[in-house]
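Structure record follows, encoded as structure tokens.
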């Protein structure tokens, strides 16, 4: 897609003042409920949040990403890289200035969530009309699951913010190649929070225009060179951390050492499709360092896949179900942190509310690449029939999912991640800003189909679902109209 395909191209300078005002109001609308919820509900960090918080405290104290290990005669400094460093480093900035307190983490998370709403709106402006772009920002600002997530010491909102900011930076620059470079560097920063952000880097080639008069092969070569350049630039912010790992760890690791661990969880004989704790008895007994352990689990996981490939493939729908079918992680995290504040009835109501909001948003997002079948001034019977069929398929997927005892919604996520790429007759516009968001959704689905699923992982793509929902049922080839 060309850069001009987006709804944000060529905006009137007179619209800058109201847009700036809307952005400021949107930030406040998103910040107030997040700050209130985070300060009221936050408890002691639990699960992965415990390690993110502990790492942030160590970094803020000048001790680096590390812990202390007891040895005969005292303690020794012991470096980490099992988890990505980015979120702990981000929190450490706040801890260093304001103190390492739970309220400080709550403020940092609330600010992150509010900024995420604004960046979603800013990205949507390059794909949709003003009204639809504002709707996308408001969906993120008011999404109950995202508001509740501000009370968690978890990485997903920051990962989403940095990734979408990379897309936005790439699109807003009037010089496409410079925009690609800036966006790729931001994706590299995002990879320090969530390494899967690197998978989005090749898609930044969408922002580089190609010569319509050139042959298909020449256009593909232009895209391939741009994609390779984006990947190379995205690695620039990562490589200093990689060099640190090579220097202080028991081997080299690009960002973190949990990829092999996660692959084994999704492939070993006790795999269920979601997180299961690995034990030394499962396959890696004689390991010492984190890198050695990760490589052992990687080889173990690959061996299990090779030995039982059909079982691994059969678990993919289950993994996608755990990722996209419901939304309960935030509630369970807060219950774990403060059990007395979350009796059974309260937990159930909260899980039902966040799950309902997620499912409605996902169902609307599935229509993001479907045109309104009865388009005005349109006599394209083939296009109208195709879009009507897509609408019926999306509705059928939703109704079929609801027919199960435990509703199944992941097919809608797959639908939303694939249809925008298809050159189907009568489709609405597919600007680069929209496709970049879809790339994040698609790479997230593929990642967790390979590894394992949990509903926390769809939080990263909730802003993309909001963008697609705001794009739903546009007129055919009229991406700027609503």
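Laboratory data are not the source of any read-out in this text; all were calculated from the coordinates shown. Because the structure is predicted, anything quoted here is derived from the model rather than measured. When we count neighbours, we look across all protein chains shown, and the Cβ atoms used for this are built from the backbone with ideal geometry, even at glycine.
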Segment 3-470 shape via C-alpha gyration tensor axes, a/c threshold 1.5: rounded
Theoretical gain in end-to-end length, residue 44 to residue 276 [0.36 nm per residue, Cα-Cα removed]: 81.2 nm
The chain: relative contact order in percent, alpha carbon pairs under 8 Å with at least 6 residues between: 20 percent
Over the chain: helical MRE at 222 nm, DSSP H runs n ≥ 4 each giving -39500 (n - 2.57), nearest 500: -19000 deg cm²/dmol
Highest-first arrangement of 337-344, 157-164, where packing means the average Cβ count within 10 Å: 157-164, 337-344
In nm, spacing of pseudo-spin labels at residue 248 and residue 216 (7 Å Cα→C-beta vector): 5.2 nm
Proxy reagent accessibility, fewest Cβ within 10 Å first, across 399, 180, 41: 399, 41, 180
